[in-house]
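Remarks on the structure that follows.
The values are calculated or read from the model by the stated rules, or taken from the named source; none is laboratory data. The structure presented is a predicted model; accordingly, all values stated were derived computationally and were not measured. Heads up, the Cβs are rebuilt from the backbone with ideal geometry, glycines too, and the neighbour counts pull from every protein chain shown. Note: accessible area is taken over every heavy atom of the protein model, side chains too, but ligands, DNA and RNA are not part of it. Shrake-Rupley method; radii C 1.70, N 1.55, O 1.52, S 1.80 Å.
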Amino acid sequence: MTFYKREKGIGFREFIMRRPIIFLFLFFDFGIALEYYMVLPPFLLLIVAAILLAGYLLSRIFDWQQGRVGLVCLFLLTVLIGSLYFYLAEHHQDPLEAVEGKTCMVEGRIITIQIKDDTAYQMLITAQNGGKRLVQVKGFLEDPAESIGKWAVIKGKIALPSERRNPGLFDYRLYLKTKGVRVILQSDSAQITLGQGTSSLLFSSLARLKYGFQTKLKEVMAPKAFGLMVGMLFGDCSFIDDDTYEAFQKNGIAHILSVSGIHVGIVYLFISRLLGNRKTRTFYLFTALILFFYAALSEFSPSVVRAVVMIYIHMFSKVSFQRYDFISCTAASALGMLLLNPFSLFNAGFQLSFMAVFCLAAMLPWVNRKLALMEGNGKSELLTAGLRYLSPLLIIQAGMAPLTAYLFNYFSIAAFFLNLPIIAISGLIIPIGICLIPVSLLGGPLFGVGAGAAELMINIMLWLNELFFLPGIGFFHVVSPSIFLLLIFYGFFFFLSSEFFRILYQRMQKKIIIFYCSLILILSLLIFVEVDDGYRNAELIFLDVGQGDCLHIRTPEGRNILIDGGGSQNYEVGEKILFPYLLKNGVKSIDLAIVTHLHDDHYLGIKELAGKMEIKRLGIYEANRLREKELLEDTGLKSGKLLYLAEGDRIQIEKNVWIDVLYPEERSEEEYRTLIKNKEDENNSCLFMKVYYKGLTVMMTGDIGMEGEEEIMNYYQNDPKILDVDVLKVGHHGSKYSTGNLFLETVNPKIAVFQVGKNNFGHPHPSVIEKCTEKGIMIHRNDINGAIIFEEEGQRWHTRVLLQENMHIKE
């Protein structure tokens, strides 16, 4: 909170000092991000911090530039403190991280439990270092309420959370750090012993209340309504089916299923109305207890903590007769959460929650001034009242659109129409649900009546959600905007909506306005250059699609080609890996996809992707003319978009970029029919291609076996140099029946890429690894290295991998 008297005009220094907490938060925030992206050494941070501290003290003593020098030193010092704070958090390890892969006995108090299905669940337990540990358990847990709050002794295998394996995709390890978790314990229910000592009264009581309520609610509600009710009350979306949740998300109303500031505001408003709006000390104490209770039920999610803290400060200002400053309070809440856990900055819930509030706090005063002018000019009271009611929702939707596009790759038009009725309906459902929690302890018909009323309103909400779920109309997918565009948007959004800009504009100080606009542009560019990982412009990327093949080629003129797309019957690779990867990295459509053969681990991902993104042409072996109808049904393409390939074909993509098909040769229709019938032979008749990219050559081998390799070498025995390449995508994921010694000598690669994931086939076979090692061939593997990136820098090519060191490979 900051208390001040309004003045007619202020300078930038005065503007800062009116709300210093905002700038302290911003600079502390920037310091965390600086250390995360640049990894500055701590001794350097300490030296610079000492210099800045000395500068600040001297400026205070000698009053340099009327304290402006000291102010600059103070805020730069805040940046360094943020960096040091994050450095210490990053290097504060859980002791179990050092014993990854080993079986250990671990003790801790069970905080939360999440049931995944009848065969598995996971729980959070406390750690001795003050953090938490995630326990993944195989087995069935009948009554989670009986375990929460108890001390547990667990035997299990230590694992570290997986890191980001493809550019731009989800980083599970970073996500768990935002939750205070660094270690996963893999166990089963037989290896868990609950202590006989006393349970945590808070956790156990809340768990019994929560799960008892859910059990009774499940008995009287339809499954879909029950899932939404639990999601709206507690933020637990595990009972909501994927299709329903996707529709809520794409319609821009999924926030109602994740307990947020809106929920807390509804609860606060409900309590206020229930007690007749009598704002006494007793009211504030009772409200504080209820809000804490509700935050505990929602497991203290970032958005709930933010909202509760802000309401607490608001109530304190009322009790102490002090002025409440909304935006300063928001900044103080954010700063407090970062002090508790600096990794919170990288939590999507934290980013969305605070960005929404900052956008509202920045723009709403300007909108209210405009509405006041409209009222003064005699505009309709009904119109201005309606705009005053709608403006907060519209501001949040408009302000959040770029960040939502960056994080989730969609833009929802439906959100502008749906949020108003959905929030209004939620304003009834949530209070009913809150009241039903204590009623569930008493039982009786009142509980069923209340649940029935809530279900009726939930069904209305579901009807509205389905009505507006119109792909391509109600919402559409977009590529992630660059960090530079995000910085530009929010830099100008907050500057142009600030009181500081309004004062400059009223004084007609155009040069100063141009200066600050230029400063926003320059800083945005500098930050972008520093944090950009370059993956959006990488030329060739062997994606990690698990047990499958996929090469993404991005040409100098911006064309995008995929060779194979991975795929699995157990995981939707096309939808959950390829599609988000492409959108995150600026790809709107695929100009050409080539499938070496139609086995799932090469073709299924392309088939799934075709349902989500435009694939302009699909290349496939000539024999598959006999499967044209099936291919068109799978991909939704028209017959003219299929490109049939055989030995001797060259796909000239653009200057200095082409693909030569080296095998198999064109055959008779009768041979094709025999080949199609015998799927076992498809590996040895898959497309074998050589990619030329500005001097770098890559051999794509599909699942070719030794028999196919021998046939290819015989075919090119008069000109074996055709088979010579820089990079070999090892055939059939490193199977022992592929990649013979003579073939490896003929191809003579500098790098061997194994596109392999977790499997039961023994891929890659040790003998294939040994052959490459003996010949001095550099080995990269998707299962170990994640995505493998080939980039041109000047006259040189080098590799980067997400999970290990990068290296130079070719002049």
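Observations on the structure shown:
- Per the listing 194, 174, the residue uniquely out of contact with any Leu (no Cβ under 7 Å at 6 or more places or on another chain) and open to solvent by less than 40 Å² (accessible area, probe 1.4 Å) is 174.
- Residue list for the stretch 158-169, filter: in contact (Cβ under 8 Å) with a residue 40 or more places away in the chain and either surrounded by 15 or more Cβ atoms within 10 Å (Cβ to Cβ) or aliphatic (A, V, I, L, M) (or both): 158, 159, 160, 164, 165, 166, 167, 168, 169
- Qualifying residue in the stretch 658-678 (condition: surrounded by 14 or more Cβ atoms within 10 Å (Cβ to Cβ) and closer than 19 Å to residue 790 by Cα): yes
- Residue in the stretch 785-806 that is acidic (Asp, Glu) and touching a residue at least 40 places away in the same chain (Cβ under 8 Å) present: yes
- Test: residue in the stretch 327-338 that is farther than 30 Å from residue 131 by Cα, over 23 Å from the mean Cα position of the chain (by Cα), crowded, with 16+ Cβ neighbours inside 10 Å and of a type outside the set (D, E, K, R): yes
- Residue within the stretch 15-23 that is within 28 Å of residue 311 (Cα to Cα), in a loop (DSSP other than H, G, I, E, B), modelled with pLDDT under 80 and within 34 Å of the chain's Cα centre (by Cα) present: yes
- Matching entry among 623, 646, 610 (being touching a helix residue (DSSP H, G or I) at 6+ places or on another chain (Cβ under 6 Å) and either touching a residue at least 60 places away in the same chain (Cβ under 8 Å) or among the aromatic types (Phe, Trp, Tyr) (or both)): 623
- At least 2 residues being open to solvent by 10 Å² or more (accessible area, probe 1.4 Å) is the threshold, and among the strands (runs of 3 or more DSSP E) wholly inside the stretch 724-798 those reaching it are 778-781, 788-793.
- Number of the condition not met by residue 179 [criteria: (1) within 30 Å of residue 162 (Cα to Cα); (2) open to solvent by less than 40 Å² (accessible area, probe 1.4 Å); (3) not acidic (Asp, Glu)]: (2)
- Every listed requirement among (1) aromatic (Phe, Trp, Tyr); (2) over 30 Å from residue 227 (Cβ atoms); (3) buried (at least 19 other Cβ atoms within 10 Å of the Cβ) is met by residue 85 save one, (3).
- Every listed requirement among (1) surrounded by 20 or more Cβ atoms within 10 Å (Cβ to Cβ); (2) touching a helix residue (DSSP H, G or I) at 6+ places or on another chain (Cβ under 7 Å); (3) over 30 Å from residue 47 (Cβ atoms); (4) hydrophobic (A, V, I, L, M, F, W, C) is met by residue 79 save one, (3).
- Check on residue 563, at pLDDT 95 or above, within 30 Å of residue 695 (Cβ to Cβ) and open to solvent by less than 20 Å² (accessible area, probe 1.4 Å): yes
- Some residue of the stretch 572-580 being at pLDDT 95 or above, open to solvent by less than 10 Å² (accessible area, probe 1.4 Å) and within 15 Å of residue 479 (Cα to Cα): yes
- For the stretch 601-623, filtering for residues that are in a helix (DSSP H, G or I), closer than 18 Å to residue 674 by Cα and either at pLDDT 95 or above or open to solvent by 10 Å² or more (accessible area, probe 1.4 Å) (or both) leaves 1.
- Only one of 514, 527, 503, 520 that is in a helix (DSSP H, G or I), open to solvent by 60 Å² or more (accessible area, probe 1.4 Å) and at pLDDT below 95: 514
- Restricting attention to the stretch 624-655, the residues being of a type in the set (Asp, Glu), open to solvent by 30 Å² or more (accessible area, probe 1.4 Å) and under 24 Å from residue 587 (Cβ atoms) number 1.
- Yes/no for residue 227 being assigned to a helix (DSSP H, G or I) and in contact with a Cys (Cβ under 8 Å, 6 or more places away or on another chain): yes
- Note on the stretch 248-290: residues that are open to solvent by 10 Å² or more (accessible area, probe 1.4 Å), at pLDDT 80 or above and within 18 Å of the chain's Cα centre (by Cα) amount to 5.
- Residue identified as open to solvent by 70 Å² or more (accessible area, probe 1.4 Å), in a helix (DSSP H, G or I), under 25 Å from residue 536 (Cβ atoms) and among the hydrophobic types (A, V, I, L, M, F, W, C) among 456, 467, 485: 485
- Per-region count, the stretch 678-714, residues more than 17 Å from residue 645 (Cβ to Cβ), within 43 Å of the chain's Cα centre (by Cα) and either of a type in the set (D, E, K, R) or in a loop (DSSP other than H, G, I, E, B) (or both): 8
- Residue ID - nearest to residue 617 (Cα to Cα), chosen from residues in the stretch 563-604 that are of a type in the set (Val, Ile, Thr) and within 25 Å of the chain's Cα centre (by Cα): 590
Okay, residues lined up against (1) touching a Leu at 6+ places or on another chain (Cβ under 9 Å); (2) hydroxyl-bearing (Ser, Thr, Tyr):
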{"position": "275", "(1), (2)": "no, no"}
{"position": "285", "(1), (2)": "no, no"}
{"position": "291", "(1), (2)": "no, no"}
{"position": "310", "(1), (2)": "no, no"}
{"position": "317", "(1), (2)": "no, yes"}
{"position": "338", "(1), (2)": "yes, no"}
{"position": "354", "(1), (2)": "no, no"}
{"position": "374", "(1), (2)": "yes, no"}
{"position": "378", "(1), (2)": "no, no"}
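- Apart from one condition, residue 303 fits all of (1) open to solvent by less than 30 Å² (accessible area, probe 1.4 Å); (2) at pLDDT 75 or above; the exception is (2).
- Restricted to the stretch 128-157, and to residues there that are of a type in the set (S, T, N, Q) and more than 30 Å from residue 584 (Cβ to Cβ), the residue that is least open to solvent (accessible area, probe 1.4 Å) is 147.
- Qualifying residue in the stretch 543-556 (condition: within 30 Å of residue 33 (Cβ to Cβ) and at pLDDT below 95): no
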